[in-house]
Every structure is written in structure tokens, then in C-alpha cells.
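Scroll down for the structure; my scribbles are underneath it.
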């Protein structure tokens, strides 16, 4: 990419592990809990260096959420770690009742989100978690786009008061966000400026959106690419400012088309400035086993699908 060269290939979960370890060194209030997936969540460094602040709960995710809620009462900042499926769907009642309802300062950190955990298949993939979490009153929802940004987000949510859902993934993925690019919860990043179409993406699909913008550029279409790393609170101003220029939008997410980033953007547009919108998202289905790239292609989340959505939405202007 001419705009954002690939700096490295690293998984976003390693960004979480690096951020958590740094917090261990700098913030004595931070404690970590894991539901028998320490290696998968890259929490080993924290466990090794701060064993007195690490709790291995075992395969008892609901119990983990209750323990985390309790730890906040003593002033601790608990970070829970397991797969996104087990961080949300399995424990929704505990999150709603014990964490969200009372505004507990728990950081729910979820790896292996979306389709790209790949070969583990549909029972471990979750495509509804952004919707589940953004519907909870007072819950902040953050979906960083690469390793560097996941580390930044991990540090940022520790300083944020209140419950947070942090969503990241399993596969090695292009690293393209410079380490010195500012990160602020609730503040979108305009990665490429353009005038013909707004492409708003989160998570792994931000890189795919940048690839699509390059392809569209070869066709004379100037795409604006926005990294909407915070789904809630949404940067409404960034959305409206971009769409005021481009008059149309494509939303891209590794999630069901219902309840996620696309619907959050649609709510903004219908309330303030109606404009044509195309969704690049999973079309109301479960996933299956396969490599990350195979699954993104089959379920319509790859670069050509983003290009096609942009072409289609421009025609609708």
C-alpha cells in the first residue's frame, strides 16, 4: 500500500498481551483473569511476571465475570480474557446483571472474534458479539484494527472508567498503524481522505478497506477510509463530516449485518443525514471451518466485495 505500508505481520491478540504486560508494570491496580486460555490470549508474560495479580479461573467463564465484578469493589481494574464467543454469548446474563447494570469497571477482553479464527469453526466463531455488547447501557465497545492499535487500546481502556468490551482476533494480520499515531476511545481515524465514497470499517476489515481504496483509485474513484475502532460511543461527527462530502457510505465489519457497526452508522444517518449505505458483513448466517482468507471470501468480506459495494453505493447517489 502506498498510503500505509505493511510494517509487520502480527496477530492482534499479541497486541493485547503486550499491552496487558505493560499495564502490569505501570498500574498496580490491574489484575488479569483467564478462563483456561492463557496461551491463546497471550497472557503468559503477565502471568509470569505478576503471578499475585493473575487468576486462572478455569473453564468457568460466568464465574470469571462475577469474580471480576467483585474485584472492582476493592479498587482493582480486572481484565478478563477468553474467546469472544465465551466472553459474551456464554456469559451475557452475568455481564448484564453483575457488570453493566452497576457500571463495574471491568475490561472484557475477547480474542478469536469473527470468522477469522478460521479452522475452529462455527461453534467458536461469534458474529453477534458487537450487537450484544453495544446494546448494554453504559458499555464501551472497542474493535482495534491491528497489533499496534490493539496494544494502544489495551492501555487506553485501563484509564477509562466503566465497563469495556475489547474485541480482537487470532490470525497474523498486516500491521500498518504507526506506533505514534494517537489513539483515543470514541475518536475515529480518517486514514485516507476522499470525496466519492466513505468506507467505514473496524477490526481486520480496516486493512481490507485500505486495499479496496487502492483498487478504486485505479478506477478514478477517490474513497475516504475511516477506521471506526470505537463502535460505542460512536464518533458521530466523523461519520457526518465524511458523508457530507461523499454522499454515500460502505460499512465493513467481521460481524453479522444486524446489530453491529453497519447498524450503528445507519442509525446516525437516519437521524441526521440520510444517505445510501451498503453493508459488507456476514448476511445473517453462522460461519464454518476454513482458513481466514477462504472464509472472508465465501462470506463476502474480502477486498473485491468492498470494491463492489463501493461501486454499487456510488450508483445509488
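The values are calculated or read from the model by the stated rules, or taken from the named source; none is laboratory data. Predicted, not measured: the structure shown is a model, and the values here were computed from it. Using ideal geometry, Cβ is built from the backbone for each residue, glycine included, and neighbour counts are taken over all protein chains shown.
Assuming residue 229 fulfils every condition listed in (1) buried (at least 20 other Cβ atoms within 10 Å of the Cβ); (2) under 26 Å from residue 125 (Cβ atoms); (3) over 14 Å from the mean Cα position of the chain (by Cα) apart from one, which condition is it?
(3)
Which ones in segment 60-80 are under 16 Å from residue 109 (Cα atoms) and exposed (fewer than 15 other Cβ atoms within 10 Å of the Cβ)?
Correct list: 60 only.
Can you pull out every residue in segment 140-178 that is under 21 Å from residue 75 (Cβ atoms) and in a loop (DSSP other than H, G, I, E, B)?
Result: 160, 161, 162, 163.
Conditions tested, residue by residue: (1) in the same structural domain as residue 300 (by TED's automatic domain parsing); (2) closer than 19 Å to residue 80 by Cα; (3) free of Cβ contacts under 8 Å to residues at least 12 places away in the same chain; (4) buried (at least 17 other Cβ atoms within 10 Å of the Cβ).
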position: 118; (1), (2), (3), (4): no, no, no, yes
position: 121; (1), (2), (3), (4): no, no, no, no
position: 138; (1), (2), (3), (4): no, yes, no, no
position: 154; (1), (2), (3), (4): no, yes, no, yes
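Which residue, of 143, 190, is in contact with a strand residue (DSSP E or B) (Cβ under 7 Å, 6 or more places away or on another chain) and over 21 Å from residue 80 (Cα atoms)? If you could, list the steps in order and put the result at the bottom.
Details: 143 fails: over 21 Å from residue 80 (Cα atoms).
The unique qualifying residue is 190.
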